[in-house]
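The values are calculated or read from the model by the stated rules, or taken from the named source; none is laboratory data. Treat the numbers as computed from the prediction; the structure is a model and nothing was measured. Note that we place each Cβ from the backbone using ideal geometry, even for glycine, and neighbour counts take in every protein chain shown.
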Amino acid sequence: MRSLFSNSAADANKSNGSSSNLKVLSRYVKLNALLAIIAAIIGLWALQIVFSYLSELDSLDDSYTMAEALKYILYRSPYFLEQFIPTGALLGAVVGLGLLANKSELVVMRASGVSVYRIVSWVLQPALLFVLLALMINQFILPTSNQLAHEINNTDRDVSITTVRGYWTVQPRFATSDSSSEDRNSDTTDAQPDGSDILYIDYADAKGNIGEVKRWHLDNNGNLQTAIRAEDGKYIGRKPIDSNSDSAKKYNYEWQLNNMTKLNISQGFEASQAKSPSDTLSLPFAPESVYLLTREAEDLSLTQLYEHKQFMRGQGQRSLNHELAFWQKLLSPLSILSLVIVACSFVFGSLRTHSLGLRIVVALLFGLLFSYLQDLVGFVSLATGFSPLLMVLSPIIASALLGLYLLKRQM
């Protein structure tokens, strides 16, 4: 009986010792992977900042000084960091595990019974920290930092009138028979079609302020009648639209336009120009929606991209560019994890066949290939209208499957 108890105690001590050893190994591998990933991301990030600043020096002039170029790069640095997190995680995982393999520590771990998949799971855990970091940057930092960067260096300031930035829309216009005033959104039965308006809004913020506004009025035959330009505008409130239907109450949202110039074009191609200090612009949607419509997709957070998608759906339209950006940002954690799995597959195996330096070069090339492939599928989705979700998922799934296949071959 005494020997039975002594054997049970020995087995328990052995089990506790094995569990303790696994915890030590787990912390050791996680720490090595974490430090290597941090070093790789910071290194790539710093190089991108330096190269971007050097490229901005070519654009210096009297209005864009060296100090402003530095400030612009600092505001863009969160975007650079977010872009290099996947590649940095790939490179860091290769370096971290490669250093362990160089010292034959991975061989000892596997010989002691630790499986490849357990080691990979240890490496994935510190990578999850960078998954959260990427999501936080996308959600809370990029919308503000990118906007501040654009205010310093607006790369579209010298482009021609054919630019498609900002918000463009075509609105039907109506003239009522009982009044000389024009109401494009009138629901009365005596409203007569009066052509259409092409409206362009350069910029809008979340507080209701808008930038340059241009509006061209075409008659029913498509002839240009008036062209209006205002320097900026400010939101002044909303007015309910008279409607006989039982549906939800609708509103017109109004902005006061400042420093407006109006060009009238007659049928004989004679034109007259008039200026006024202010005018009113009416739109059927709120300032928050105008803000979303005038921003680039990469400058919006995940929640803002979702709100943009819902708004466009309510209008019976869709923006593939914003949908693509939404899925790219939402699925970026899966991109990071799939690249870490591939990185682990590069390390396991005989280092006598391929050196660590070669594996690092291959990892960098694979990271660049993955980035270019993501851009390519994005362009394909925009060109063909194919589902952005499936196009963004395809390189992620392919990368994860490739990593798992290579890991299986090394076992």
Is segment 47-69 home to any residue that is closer than 24 Å to Val340 by Cβ and free of Cβ contacts under 8 Å to residues at least 12 places away in the same chain?
-> yes
Would you please name the residue that is farthest from Leu407 (Cα to Cα), looking only at residues in segment 83-126 that are surrounded by fewer than 21 Cβ atoms within 10 Å (Cβ to Cβ) and of a type in the set (Val, Ile, Thr)?
-> Val108
If we scan segment 310-332, do we find a residue that is hydroxyl-bearing (Ser, Thr, Tyr), free of Cβ contacts under 8 Å to residues at least 24 places away in the same chain, assigned to a loop (DSSP other than H, G, I, E, B) and out of contact with any helix residue (DSSP H, G or I) (no Cβ under 6 Å at 6 or more places or on another chain)?
-> no
Would you mind telling me which numbered condition in (1) of a type outside the set (Ser, Thr, Tyr); (2) outside any helix (DSSP H, G or I); (3) closer than 21 Å to Leu124 by Cα His354 fails?
-> (3)
Applying the selection to segment 99-132, what residues are in contact with a Leu (Cβ under 7 Å, 6 or more places away or on another chain) and not in a helix (DSSP H, G or I)?
-> Val114
Considering residues of segment 215-254 that are among the hydroxyl-bearing types (Ser, Thr, Tyr) and modelled with pLDDT of 90 or more only, the residue farthest from Val170 (Cα to Cα) = Tyr235
Kindly provide the set of residues from segment 311-326 that are over 9 Å from the mean Cα position of the chain (by Cα) and among the aromatic types (Phe, Trp, Tyr), ordered by number.
-> Phe311
May I ask you to list the residues in segment 36-62 that are over 27 Å from the mean Cα position of the chain (by Cα) and aliphatic (A, V, I, L, M)?
-> Leu60
Residue check, Ala325 against (1) farther than 26 Å from Gly211 by Cβ; (2) buried (at least 20 other Cβ atoms within 10 Å of the Cβ); (3) of a type in the set (Gly, Ala, Ser), all met but one. Which one?
-> (1)
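Tally the residues that are of a type in the set (Lys, Arg) and in contact with a helix residue (DSSP H, G or I) (Cβ under 8 Å, 6 or more places away or on another chain), restricting the search to segment 365-408.
Going through segment 365-408 one residue at a time, the tally reaches 0.
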How do the strands (runs of 3 or more DSSP E) wholly within segment 193-303 filter down when requiring 2 or more residues that are under 30 Å from Ile141 (Cα atoms): which remain?
-> 224-240, 251-265
Given the conditions (1) closer than 19 Å to Leu390 by Cα; (2) among the polar types (S, T, N, Q); (3) assigned by TED's automatic domain parsing to the domain that holds Ser399, every one holds for Ser355 apart from (1)
For segment 59-98, which residues satisfy the criterion of being part of a loop (DSSP other than H, G, I, E, B) and closer than 21 Å to Asn146 by Cα?
-> Leu60, Ser63, Tyr64, Thr65
Tabulated pairs, segment 78-107, first closer than 30 Å to Pro143 by Cβ, second assigned to a helix (DSSP H, G or I) and of a type in the set (D, E, K, R), C-beta under 8 angstrom, 6+ apart or interchain = Tyr79/Glu298
Of everything in segment 194-243 that's aromatic (Phe, Trp, Tyr) and in contact with a Ser or Thr (Cβ under 9 Å, 6 or more places away or on another chain), which residue is farthest from Gly166 (Cα to Cα)?
-> Trp216
